[in-house]
1. Of the numbered conditions (1) out of contact with any Lys or Arg (no Cβ under 9 Å at 6 or more places or on another chain); (2) open to solvent by 30 Å² or more (accessible area, probe 1.4 Å); (3) polar (S, T, N, Q), B:Ser307 satisfies every one except a single condition; which is it?
2. Filter the range B:43-71 down to the residues that are assigned to a strand (DSSP E or B), at pLDDT 95 or above and of a type in the set (A, V, I, L, M, F, W, C), then identify the one that is most open to solvent (accessible area, probe 1.4 Å).
3. Inside the range B:213-222, can you point out the residues that are surrounded by 20 or more Cβ atoms within 10 Å (Cβ to Cβ) and either within 14 Å of another protein chain (Cβ to nearest Cβ) or not hydrophobic (A, V, I, L, M, F, W, C) (or both)?
4. Only one of B:Ala314, B:Ala335, B:Ala324, B:Ala302 is more than 19 Å from the chain's Cα centre (by Cα), open to solvent by 10 Å² or more (accessible area, probe 1.4 Å), more than 11 Å from chain A (Cβ to nearest Cβ) and at pLDDT 95 or above. Can you tell me which?
5. Restricting the range A:93-141 to residues that are charged (D, E, K, R) and more than 7 Å from chain B (Cβ to nearest Cβ), which is most open to solvent (accessible area, probe 1.4 Å)?
6. So which residues in the range B:260-275 are open to solvent by less than 60 Å² (accessible area, probe 1.4 Å) and either assigned to a loop (DSSP other than H, G, I, E, B) or among the hydroxyl-bearing types (Ser, Thr, Tyr) (or both), if there are any at all?
7. (1) open to solvent by 20 Å² or more (accessible area, probe 1.4 Å); (2) within 11 Å of chain A (Cβ to nearest Cβ); (3) in contact with a Gly (Cβ under 6 Å, 6 or more places away or on another chain): which one isn't true of B:Leu162, the others all being true?
8. Condition test on B:Ile164, is it touching a residue at least 60 places away in the same chain (Cβ under 8 Å) and of a type outside the set (Phe, Trp, Tyr)?
Amino acid sequence: MDRKEFIKSTCGICVAMSTGFLWSLIEACKTPLSVYKTTAASNIVRVPLTEFKESNYKVIRISDYDYDLAVQKNVDDSFSVMVLMCTHAGHPLTKTGQNYYCTLHGSQFDHEGHVTKGPASRDLKHLQAKTDNDFLLIQLS
Amino acid sequence: MRKIFILFSASFLATHAASAQQQQGIQNLTPAQQLIANTGEDSLNSYSHGSRTVISGYGEAFYQRNFNEQTATTGLARAVLFVGHQFNHKIAFFSELEVENAKVQAGGTTGEVGMEQAYLKFSFNPRQYLVAGLFVPRIGITNENHLPINYNGVERPMVEQLIIPTTWREIGVCFYGQSSALPVTYTIGIVNGLNNAGFEHGSGFEGGRAEGQNANANNVAILASAQYYAGNWKFQASGYMGGTTPLKKAIADTLGLTSGTFSNPLYLGEADVQYSNKGISFKALYCVVSIPDAYQINNAYASNKPSGMTGFYAELGYNILQNAGGKWKHKQLVAFGRYESLDMNAYIPSNGITDGTLKQTHIVAGFSYLPIPNVVIKTDVRLVNTGAANPLLTTIPYQQNNSFLNFGIGYSF
């Protein structure tokens, strides 16, 4: 198999995959990853509640903090906050659909942070959060 | 006893003082902040910015019945000790030390102790980091995620053993990134190249790997991957391009090979897709390997190498306990079926000899039971069909069909 044949063959794979890929890309463009960037002051993160008008889910990215936070607004208007850190070796998690995935050793967590695949054995860390006027206050420590 | 008492007293006083200081700090917060601060959550910052050491591991044991041979084998396939250390929030170390087949004995024919991984990880931010050292690159599905709880079947998929030689690790540097706006992750890296002197007939390019052992870095390889997450789907494509002749020019010329960074190259392309939702899981992978200069390599080493190999598999699984309640609620019983097709003789150079036994299909069906997410008990049946043996290569009678019954256990923590 020479180089041309190899390129032809791999291009075939790309074409086959592109159908699904393009479809999913269009889907993703409709619902891009919702990220709110902020900073923490005295270990408190303040997120305007207006951020949850469009969507009940938000990823919070805090400068100089090692992990993103996943914030879910519940049906009773309370909030669940999880640290997107694999509880196995401390690797940042990747969001996959409703769930979370660690690329380091393959641990998986469901949307509530429960372990569904090891090697992690502890559920994701939840942080306490409380609304105060127009803000959601998240305590980092 | 007095020393213990003094230590205990000092510890108590220190804790009490810290608590009082914390309470004072809490009083300066707003009512909402006070409520949060009093929850007793342990400090995330204390370990996200500090140092810590993680010790864990994984392993698997198997029993296999070969119906053609009417024999059975059993063994501890591997036990791996994982040690990681986080020096600070930017630099960490990860390693996997593996013992294969339980025992390494002087003069023995089996068993292997090897570093599966040992690298430093430099984090730039939560989404971008660099690894340097011996690492397992993101090529295929199983190579990076090779823990027994992560795949169905007692044996790893045959395509990811024979075409992509899992677990394939080399020395190098690799950048890992994730888009901040889209669910896309990517890698790009450089590692030492392969050595075509180690290529053997019937085992792909497995024998050409250095795996961190005095790798000759006269030739190198570039590898890259991209993953895309869309809902419950995950798409991946990865590629590898590297030289396979690490010899100096004079020796390479003598053997009729070329020398240099990408001498007598090997190309690997792979694409896969995975789906998981409501207990249904699906994965499919296709890969192709090209060795355009197989003719020259065969001339040099008489190793009867192909110039191209291909492999494909698709697997469907369902967690029977997906909707179970009570004591079965958090357990998983996955029934699965997998079809694999591979051809290590897909393309052969004019000086190669076709070996039909290297064109194989494998049908695997079985169950994986996970009483907890860290432990798996497996059983499956694998039906194998191959092409006919070439009488030029062997005179031993060969049966094209065979069946295997497998049992296995695996763990990771």
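The values are calculated or read from the model by the stated rules, or taken from the named source; none is laboratory data. All figures in this text were calculated on a predicted structure; none of them were measured in a lab. A quick note on method: Cβ atoms are made from the backbone with ideal geometry, for glycine too, and the neighbour counts reach across all protein chains shown. What goes into the accessible areas is simple: the full protein's heavy atoms, side chains included, and nothing from ligands, DNA or RNA. Shrake-Rupley method; radii C 1.70, N 1.55, O 1.52, S 1.80 Å.
1. All conditions are met except number (2).
2. B:Phe62
3. Narrowing the range B:213-222 to residues surrounded by 20 or more Cβ atoms within 10 Å (Cβ to Cβ): B:215, B:219, B:221.
If the condition is that a residue be surrounded by 20 or more Cβ atoms within 10 Å (Cβ to Cβ) and either within 14 Å of another protein chain (Cβ to nearest Cβ) or not hydrophobic (A, V, I, L, M, F, W, C) (or both), then B:Asn219 is the only one that fits.
4. Numbers: B:Ala314 fails: more than 19 Å from the chain's Cα centre (by Cα); B:Ala324 fails: at pLDDT 95 or above; B:Ala302 fails: at pLDDT 95 or above.
Of the residues listed, the single one that is more than 19 Å from the chain's Cα centre (by Cα), open to solvent by 10 Å² or more (accessible area, probe 1.4 Å), more than 11 Å from chain A (Cβ to nearest Cβ) and at pLDDT 95 or above is B:Ala335.
5. Quick first cut of the range A:93-141, residues charged (D, E, K, R) only: A:95, A:110, A:112, A:117, A:122-123, A:125, A:130, A:132, A:134.
Filter again for more than 7 Å from chain B (Cβ to nearest Cβ), leaving A:110, A:112, A:122-123, A:134.
Values: A:Asp110: 33, A:Glu112: 97, A:Arg122: 141, A:Asp123: 75, A:Asp134: 110 Å².
Checked the range A:93-141; the qualifying residue most open to solvent (accessible area, probe 1.4 Å) is A:Arg122.
6. So the first thing to find is which residues in the range B:260-275 are open to solvent by less than 60 Å² (accessible area, probe 1.4 Å), and the list is B:260, B:263-275.
Once the filter is applied, which keeps residues that are open to solvent by less than 60 Å² (accessible area, probe 1.4 Å) and either assigned to a loop (DSSP other than H, G, I, E, B) or among the hydroxyl-bearing types (Ser, Thr, Tyr) (or both), the range B:260-275 yields B:Gly260, B:Ser263, B:Asn264, B:Pro265, B:Tyr267, B:Tyr275.
7. It is condition (2) that B:Leu162 fails.
8. Working: touching a residue at least 60 places away in the same chain (Cβ under 8 Å): yes; of a type outside the set (Phe, Trp, Tyr): yes.
It is true that B:Ile164 is touching a residue at least 60 places away in the same chain (Cβ under 8 Å) and of a type outside the set (Phe, Trp, Tyr).
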